[in-house]
Amino acid sequence: MRQGVNPEKFKGELNTKKQHRVVVVFYIPDLQQEYYLQSLLVLDHCLNSLVSTINHETTNITLINNNSTSEAENIVGKYQDKIDKYVRYTENKGKVYAVIDEVRAAFEPFVTISDCDVLFFKGWEKAVFDVFQHHPNAGVVTPLPSQYSAFNHNAAVFFDGYFSKKLRYGKVVSDEDVDLFLKGVNNYDLLNYAFKFNWKEKQYFLEGKVKAIIGATHFVATYKSDLFKNQNTFPAIKFANGYEAKFLDCLAEENGLYRLSTLKSYAYHLGNQIDEVVNHNSAGELLHKAVFDTLIVNNCHRSNWLVYWIKRYFAKTFKNFQKAKK
């Protein structure tokens, strides 16, 4: 039987609500297969770069272990004092299940979802939130130029940008930043993805004090966490093509918001092989609490179905027209 009163009831301790949470999910099943030989080193570089570049006064970290090999615990242990929440599944649930299980319950108004093979550069948080600050309709922002995905679930930005005269098309991303991205993903076909011209030559972007590239990737991106609220769809399959599009990419468009990215590279896709980019030491400011005081975080509401389809039809027509011009 219980005797006395739990002393915790009298302490009156308060929880602290931060403004931003970074969720990193990893799966390293073994260290024998060639694909996973450097996975522990990749995870180590990812976590080291992350904890070294965020402002811990504003940002929490959630690390999700999708039933990895026991050796991975040694890497996690190096950063345990910097990780706010550590989740370990007893089976590999797949990225989508593991991620949405966390972000749907996040208290922070912004949440970054990242794969475990991302190298974060100094200043990435500030660069991302500069975009949110100067483009209030941004729903998703990636910390590296993602112009190849401009038309991916992005009807609202083309519709609104066209009529507001903020939509621009020109050369604003440096060749170096394009090459850095292509080196990381090792997929040079993306240069001509969906069009017959080279994304290196020109990009769609939004004009303003802080320019924003139209397009976002899902291997690392910051979301308004309200996008995930009231979502109850269940990822019944652990791994399926298009799952990230179905559960992550579509949300901004459905709420009339934009998928954008930074003009310069503040992150790098390491993949499964370490290269010389790990020595990258790009200077940049830390994100400060005051930045969030200037952000207006409106509740997301699913667009009226008619408005949603009008914008999608416009974006599709605009895309086909631009393609025909080439």
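At-a-glance table
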{"item": "Enumeration of residues in segment 225-283 that are in contact (Cβ under 8 Å) with a residue 24 or more places away in the chain, over 25 Å from Gln203 (Cβ atoms), of a type in the set (Phe, Trp, Tyr) and not in a helix (DSSP H, G or I)", "result": "Phe239"}
{"item": "Where Lys122 falls short, out of the listed (1) in a loop (DSSP other than H, G, I, E, B); (2) within 29 Å of Asn272 (Cβ to Cβ); (3) touching a Leu at 6+ places or on another chain (Cβ under 7 Å)", "result": "(3)"}
{"item": "Any hit, segment 9-20, residues being more than 26 Å from Gly242 (Cβ to Cβ), of a type in the set (A, V, I, L, M, F, W, C), touching a Leu at 6+ places or on another chain (Cβ under 9 Å) and modelled with pLDDT under 95", "result": "no"}
{"item": "For Arg302: the one exception among (1) in contact with a Phe, Trp or Tyr (Cβ under 9 Å, 6 or more places away or on another chain); (2) part of a helix (DSSP H, G or I); (3) at pLDDT below 70", "result": "(2)"}
{"item": "Breaking point among (1) assigned to a loop (DSSP other than H, G, I, E, B); (2) at pLDDT 70 or above, for Ala290", "result": "(1)"}
{"item": "Failed criterion for Glu102 (all others in (1) farther than 25 Å from Gly208 by Cβ; (2) crowded, with 20+ Cβ neighbours inside 10 Å hold)", "result": "(2)"}
{"item": "Count of residues meeting criterion [among the hydrophobic types (A, V, I, L, M, F, W, C), within 13 Å of Gln147 (Cα to Cα) and surrounded by fewer than 16 Cβ atoms within 10 Å (Cβ to Cβ)] in segment 158-180", "result": "0"}
{"item": "Options Tyr97, Tyr89, Tyr79, Tyr35; residue that is of a type outside the set (A, V, I, L, M, F, W, C), in contact (Cβ under 8 Å) with a residue 12 or more places away in the chain and crowded, with 19+ Cβ neighbours inside 10 Å", "result": "Tyr97"}
{"item": "Residue, farthest from Asn255 (Cα to Cα), within segment 135-152, restricted to residues that are crowded, with 24+ Cβ neighbours inside 10 Å and hydrophobic (A, V, I, L, M, F, W, C)", "result": "Leu144"}
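A quick yes/no check of all residues on (1) touching a His at 6+ places or on another chain (Cβ under 9 Å); (2) modelled with pLDDT of 95 or more; (3) closer than 14 Å to Phe132 by Cβ:
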site	(1), (2), (3)
Asp189	no, no, no
Phe195	no, no, no
Asn198	no, no, no
Lys202	no, no, no
Leu206	yes, yes, yes
Ile214	no, yes, no
Val220	yes, yes, no
Thr233	no, no, no
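Residues are listed down the side, and each one gets a yes or a no for (1) touching a residue at least 12 places away in the same chain (Cβ under 8 Å); (2) in contact with a helix residue (DSSP H, G or I) (Cβ under 9 Å, 6 or more places away or on another chain):
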position	(1), (2)
Asp101	no, no
Val118	yes, yes
Gly123	yes, yes
Gln133	yes, yes
Pro136	yes, no
Thr142	yes, yes
Gln147	yes, yes
Ser164	no, no
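The values are calculated or read from the model by the stated rules, or taken from the named source; none is laboratory data. Remember, predicted model here, so these are calculated numbers, not experimental data. Reconstructed Cβ throughout: ideal geometry from the backbone, glycine too, with neighbour counts over all protein chains shown.
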